[in-house]
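Undergrad: Just passing along the structure, written as structure tokens.
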Amino acid sequence: MTGDPADSSEVITPASCTVFQKEFAEIQGVIDAYRSHKRENVAIIGLPYSGKSTLISAVHETYKDDTYLVEYESQITNKRNLLDYRSKKPIFLMDGCQYLFSRHIGGFSVLDDFLDEVAISNSLFITTWNLYAWNYLRRVREVERIFPKMIFIHPLSDTEMRECILKDYTDAELQFIGGVEVELPSFVRTERHPVHLPFKEEPLMVPFPRFNVDSLAFRKRNAEETLSDEEVVFKKITKMAEGNPGIGKAIWKRSFDYPTVNLKDYQPVRVNDPLIRKDAFILGVIAMSGITSKEYLEEVAALEYDINPILYRLLTLGIISEKNGGYQICPEAILGVHDLLRSLRIIWE
């Protein structure tokens, strides 16, 4: 990573992070406050593929002289692999903190050591967490007491999705095929934000209305003119992905046959078949972990049931994928899996 430390008098957003300007500015404010001797550790929270790693990498790129980046990609089972304490830099950036605990007996020892270290440290910790893991750990370890500054990744607008996907292309080389019906987006939608109440340690997640300015502009423009094929394509991608950039890129990839983008034949992944409880439980573990191994899933199952048939069924349904021994939710299936796990009360909200 390359870059110069940010000037605290202005917001500097690296090219890789232009769609997360609001979140980047919040982190910059935390770093400025830390330099003025006010420490507030940060948790960046979002669904899988929402852009958490992109955001924290951009922070490292901008503040590379003051930050030390740690990237976790699998379960951390001993403290020796937790953190490189030889670093003298004052700010730790830790990506993938959901890997610091495991869903089996004794699986919280590394996380507990980490939380203790953070609590007594003078360093600033900026961390990323899978939404499912964060909501679970709020109940069992009250992690928000150690990371009181919670930054939730916002869903991208269609213009932001376009910018995110097209940054590697030139406009002249692409052809868009429209003819895709697009439902007009709602002007008002709700987002949940933590609210701290007196005499209650755990924050309450309260729905607040968010006014979609892009939607208002789109409705006005739609009444005046016909959308171009390119606008229709990105409106549809954003709607199907619910603003998640990783899902949007996956939809784009499946619809892209260079140099043509055609959404007419795209079929979203749906979780229509009912899953038995043990299948849904393992699916929830995979969703919470991000990428996980068969060995870890066998430990979680604790020999109560055979993992092989479960993985086979989830792979056959197109819900998960396997690469180099690691299992993860397919990007296009994330939203369907989210709704399923929520309906079955497999995940915390």
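Undergrad: So, restricting to helices (runs of 4 or more DSSP H) that lie completely within segment 255-349, which ones have at least 3 residues that are within 26 Å of E71 (Cα to Cα) and not assigned by TED's automatic domain parsing to the domain that holds E142? Write out each step before concluding.
TA: Numbers: elements: 277-289, 294-301, 307-316, 334-343.
Correct list: 277-289, 294-301, 334-343.
Undergrad: Which condition from (1) at negative phi; (2) at pLDDT below 95 is the one that G179 breaks?
TA: Looking at each condition in turn, G179 falls short on (1).
Undergrad: Report whether or not E349 is surrounded by fewer than 19 Cβ atoms within 10 Å (Cβ to Cβ), farther than 16 Å from D279 by Cβ and modelled with pLDDT under 95. Talk me through it step by step, then tell me what you get.
TA: Working: surrounded by fewer than 19 Cβ atoms within 10 Å (Cβ to Cβ): yes; farther than 16 Å from D279 by Cβ: yes; modelled with pLDDT under 95: yes.
So E349 fits the description; yes.
Undergrad: Taking segment 72-93, which residues are among the aliphatic types (A, V, I, L, M) and at pLDDT 85 or above?
TA: If the condition is that a residue be among the aliphatic types (A, V, I, L, M) and at pLDDT 85 or above, then I76, I91, L93 are the ones that fit.
Undergrad: Let me ask you something else. List the residue pairs whose Cβ atoms are under 7 Å apart, where the first residue sits in segment 137-151 and is in the same structural domain as D116 (by TED's automatic domain parsing), the second is among the basic types (K, R), and the two are 6 or more positions apart or on different chains.
TA: Listed pairs, sorted by first residue: E144/R138.
Undergrad: Considering every residue within segment 87-96, establish whether at least one is assigned to a strand (DSSP E or B) and of a type in the set (S, T, N, Q). Before you say what the answer is, go through the steps one by one.
TA: Step one: of segment 87-96, the residues assigned to a strand (DSSP E or B) are 91-95.
After this cut, where a residue has to be of a type in the set (S, T, N, Q) as well, the list is none.
No, segment 87-96 has no match at all.
Undergrad: Six or more apart or on different chains, Cβ atoms under 7 Å: show the pairs whose first residue is in segment 254-274 and over 25 Å from Q175 (Cβ atoms) and in contact (Cβ under 8 Å) with a residue 24 or more places away in the chain and whose second is surrounded by 13 or more Cβ atoms within 10 Å (Cβ to Cβ) and not hydrophobic (A, V, I, L, M, F, W, C).
TA: Cβ pairs passing all conditions: V269/G318; V269/E332; V269/G336; R270/G336; V271/G336.
Undergrad: Which residue is farthest from D32 (Cα to Cα), if the candidates are limited to segment 86-106 and must be surrounded by fewer than 16 Cβ atoms within 10 Å (Cβ to Cβ) and among the small types (G, A, S)?
TA: Among those residues, the one meeting the criterion is G106.
Undergrad: Looking at L69, L55 in this structure, which one is modelled with pLDDT under 95, among the aliphatic types (A, V, I, L, M) and assigned by TED's automatic domain parsing to the domain that holds R145? Talk me through it step by step, then tell me what you get.
TA: Numbers: L55 fails: modelled with pLDDT under 95.
Being modelled with pLDDT under 95, among the aliphatic types (A, V, I, L, M) and assigned by TED's automatic domain parsing to the domain that holds R145 holds for just one of L69, L55, which is L69.
Yes/no per residue for (1) loosely packed, with under 11 Cβ neighbours inside 10 Å; (2) at pLDDT below 90:
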position: E225; (1), (2): yes, yes
position: I247; (1), (2): no, no
position: V261; (1), (2): no, yes
position: Y305; (1), (2): no, yes
position: L317; (1), (2): no, no
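Undergrad: I'd like to check something: does segment 107-129 contain any residue that is under 19 Å from I347 (Cα atoms) and surrounded by fewer than 22 Cβ atoms within 10 Å (Cβ to Cβ)?
TA: If we filter segment 107-129 for residues that are under 19 Å from I347 (Cα atoms), which is where we start, we get 107-108, 128-129.
Cutting the leftovers down to surrounded by fewer than 22 Cβ atoms within 10 Å (Cβ to Cβ) gives us 107-108.
There is at least one residue in segment 107-129 that is under 19 Å from I347 (Cα atoms) and surrounded by fewer than 22 Cβ atoms within 10 Å (Cβ to Cβ).
Undergrad: Further question: Looking at segment 40-52, which of its residues are buried (at least 17 other Cβ atoms within 10 Å of the Cβ) and closer than 17 Å to F24 by Cα?
TA: N41, V42, A43, I44, I45, G46, S50, G51, K52
The values are calculated or read from the model by the stated rules, or taken from the named source; none is laboratory data. Predicted model only: the values in this text are computed from it and were never measured. Note that each Cβ is placed from the backbone with ideal geometry, even for glycine, and that neighbours are counted across all protein chains shown.
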